[in-house]
Amino acid sequence: MEKTQYYGTGKRKTSTARVFLMPGTGQIVVNRLDFQDYFKSKVQRMVVTQPLVLTEQSDAFDVYINVKGGGYTGQAGAARLGIARALLQFDSGLREKLKKARFLNRDSRIKERKKYGQPGARKRFQFSKR
């Protein structure tokens, strides 16, 4: 008996999520913790489940997410992208639905680096003529 598994990687800010979808009952596990225990905020839980709800696959798969880096919001966004990509592996026909909802777009906004000779990324030291 072969175990079917679909994989997707998601990134947002400094967070990286590795997502594994396996046929099951709809259980979601994040870093070996229950999904409800890991993401305390209702908004973050909603963000993670959006691709599954949109494609009506929420009860069809068990989702295992390994996430690291950043904060909880960035991790939730990374998990959403990973789930969407894994769903594409399962059925490429879902692409149009996921793309229209913008779940396949990588949010490329990251912190800008500090430059030398300045106190921050964009801030300048106070200018004085004299």
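The values are calculated or read from the model by the stated rules, or taken from the named source; none is laboratory data. Everything numeric in this text was worked out from a predicted model, so none of it was measured. A quick note on method: Cβ atoms are made from the backbone with ideal geometry, for glycine too, and the neighbour counts reach across all protein chains shown.
Taking the condition in contact with a Pro (Cβ under 6 Å, 6 or more places away or on another chain), part of a helix (DSSP H, G or I) and under 21 Å from THR4 (Cβ atoms), does ALA84 pass? Spelling it out, ALA84 is indeed in contact with a Pro (Cβ under 6 Å, 6 or more places away or on another chain), part of a helix (DSSP H, G or I) and under 21 Å from THR4 (Cβ atoms). Evaluation of ALA79 against the conditions (1) exposed (fewer than 14 other Cβ atoms within 10 Å of the Cβ); (2) within 24 Å of LYS111 (Cα to Cα) shows that the sole unmet condition is (1).
Let's see how each residue does on (1) touching a Pro at 6+ places or on another chain (Cβ under 6 Å); (2) free of Cβ contacts under 8 Å to residues at least 60 places away in the same chain; (3) in a loop (DSSP other than H, G, I, E, B):
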{"site": "VAL47", "(1), (2), (3)": "no, yes, no"}
{"site": "PRO51", "(1), (2), (3)": "no, yes, no"}
{"site": "SER58", "(1), (2), (3)": "no, yes, yes"}
{"site": "TYR64", "(1), (2), (3)": "no, yes, no"}
{"site": "GLY70", "(1), (2), (3)": "no, yes, yes"}
{"site": "ALA78", "(1), (2), (3)": "no, no, no"}
{"site": "LEU88", "(1), (2), (3)": "no, no, no"}
{"site": "ARG95", "(1), (2), (3)": "no, yes, no"}
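Pull up segment 5-27, narrow it to residues that are among the aliphatic types (A, V, I, L, M) and crowded, with 20+ Cβ neighbours inside 10 Å, then point me to the one that is farthest from ALA79 (Cα to Cα). Result: LEU21.
With respect to the conditions (1) over 22 Å from ASP91 (Cα atoms); (2) surrounded by 15 or more Cβ atoms within 10 Å (Cβ to Cβ); (3) modelled with pLDDT under 95, VAL30 falls short on a single one, namely (3).
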